Amino acid sequence: MSPKINAQISPQPCPHLAEFRRTSTKPFLALHNCLRIKPPGGRAALRRDPDEVPRCGACGLSSPSRLYACVTCAAVSCHSSSSTGSSHAAVHAASMPPGHQIAVDVDRAELFCCACRDQVYDRDFDAAVVISQTAASTLGADPPPAITSPHPENLRKKRRVDYRPWAPDLRERTLIGSCSGPIAGDTADPSLDLPRGLRGLNNLGNTCFMNSVLQALLHTPPLRNYFLSDRHNRFFCQKRNNGDGDSGATGKRNGSNNGNKNERICLACDMDAMFSAVFSGDRVPYSPAKFLYSWWQHAANLASYEQQDAHEFFISMLDGIHEKVEKGRRKPDTEGNGDCCIAHKVFSGILRSDVTCMACGFTSTTYDPCIDISLDLEPNQGGSNKMATATSNHSCNGEADCMNSSQYCGTSTLTGCLKRFTRAERLGTDQKFFCRQCQVRQETLKQMSIRKLPLVCCFHIKRFEHSSTRKMSRKVDRYLQFPFSLDMSPYLSSTILRSRFGNRIFPFDGDEPDGSDELCSEFELFAVVTHTGKLDAGHYVTYLRLSNRWYKCDDAWITQVDEHIVRAAQCYMMFYVQKMLYYKATDKQVAS
């Protein structure tokens, strides 16, 4: 059978299940009353009595590999998944007349064919289980509603599009050769052996925070392709035309001081100019003074030559691109869908938050757009540190006890931080939520997950912490291990909800089969922004992965480094791009 449940490929039908449904008028009506859901958010199980301990009718064991209840006669039998293991469920099905081959897992409420010895799927049965679980999450102990056939629109599958790399045909090669030319700068010193677009950025006075983020953005594949394909032309930008009619006259822009000055400032136009300069082939370090000036106009509270936070600059810069482009197009605010501007098309995703009442099981679900994910470092994973036990249930959030041990809390991993971010967390008594079902504030269970993945995932590591008791801030210098290839499927809402509801062919709420996320859940690392030094006297450096090599971008200096140096760096921001958008260049360029 096909292992994909909520995907375009449907499981092969079981002939024994089809025969059972043909001969039975209401095959699963008796099982509906035996479904038991343990709130909050528990899996469905099959029990005639809530306190019943099911046992195999043949051997009397209560906890073998699996226990299955026959749908026809309700006989409970065990089954071992190993090839050499015994299966009293198969023996029961063989010794009984036709119709006894279909059974139900008493602990997971999943259908099983004893003759095929494989899991089978039925839409009506899965719909009944999902409805019962949803009712338990929203109505507490109230009985589940009657079984109804799922609406056709709920079962509609989104069509998957197979990814095929593009290769120009003969006609397209002719057009490319006649309508385009090589980028200037091919006469650069070949001994440098640097990929095109790798150019240093001059430090304009404590602007390493800006240079480090700009280097990552200049080599973000979707963002690079957008600007280099002239999708945003600064000479025809509406904001520049409304300002002075000549977007190329930078002297006018910097020298004029009328009421329309802010209207003429467009960060996207400055990014377009920067892409043109960086990818021109010139190796002389570039000074992003025009971009810095425009950013100062957008974020006046950060306009100074003091060191700023790289993550704060990243958020502010994307917000500036979104604000100007969105205002110029006069479109509604749709950054949650990622369709409003290039910044959100590349970095925007959707987070899902489930808050479940611990008393009645009512679940409140909200969806929030995000352009990055901020992660807490994992607490101490053992070792000799005495603070390990005290901080095992709390991340280093800046309290006094953690402030003393944050420098020696051990090693964290990016996957561990993501697991911690998406795991269910029981909120304390001081964080009670108002339950609409109980009509009072109750203790709750909160779980985050990723509903929609962006084209580029930006992870921000919380290394700067503040102590409310000591009224001081400091940096966490703990090492973080991060992979070069990352699979985000375990942190998707569909995966987390499937682990809660089980393997169902019925698409429950929040698990609408979005093929794009499942196809594009694998990511490749292409940029790492690091921070060294102290909180108020540090330095930012970016490591770029280009042509399957790593390069260190330290303001104006570009050097090639080994990947072990990158792994040992103290990462602050990491940029992962969907694997289908990332191309590893070959060692030698093959001329067409």
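The values are calculated or read from the model by the stated rules, or taken from the named source; none is laboratory data. Since the structure is predicted, the reported quantities are computational estimates derived from the model, not experimental observations. We place every Cβ from the backbone using ideal geometry, glycine too, and count neighbours over all the protein chains shown. Quick note on the areas: whole protein, heavy atoms, side chains included, nothing else; ligands and nucleic acids left out. Shrake-Rupley method; radii C 1.70, N 1.55, O 1.52, S 1.80 Å.
Here are the numbers:
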{"item": "R441 long-range amide H proximity, modeled H, under 5 Å", "result": "C435"}
{"item": "Under-5 Å amide H pairs with S374, H placed in peptide plane, nonlocal only", "result": "H460"}
{"item": "Ordering of 48-59, 446-457, 93-104 by packing [mean C-beta count within 10 Å, highest first]", "result": "446-457, 93-104, 48-59"}
{"item": "Potential lengthening between T23 and Q119 on full extension [0.36 nm per residue; Cα-Cα distance subtracted]", "result": "32.5 nm"}
{"item": "Among the listed pairs K446/K475; K290/K579; K345/K579, those beyond 23 Å (Cα-Cα)", "result": "K446/K475; K290/K579"}
{"item": "Cα→Cβ-extended label distance, 7 Å offset, between D230 and Y367, nm", "result": "3.7 nm"}
{"item": "Under-5 Å amide H pairs with Q481, H placed in peptide plane, nonlocal only", "result": "S412, T413, L414"}
{"item": "Ranking by accessible area, most exposed first, for I315, I371, I176 with a 1.4 Å probe", "result": "I176, I315, I371"}
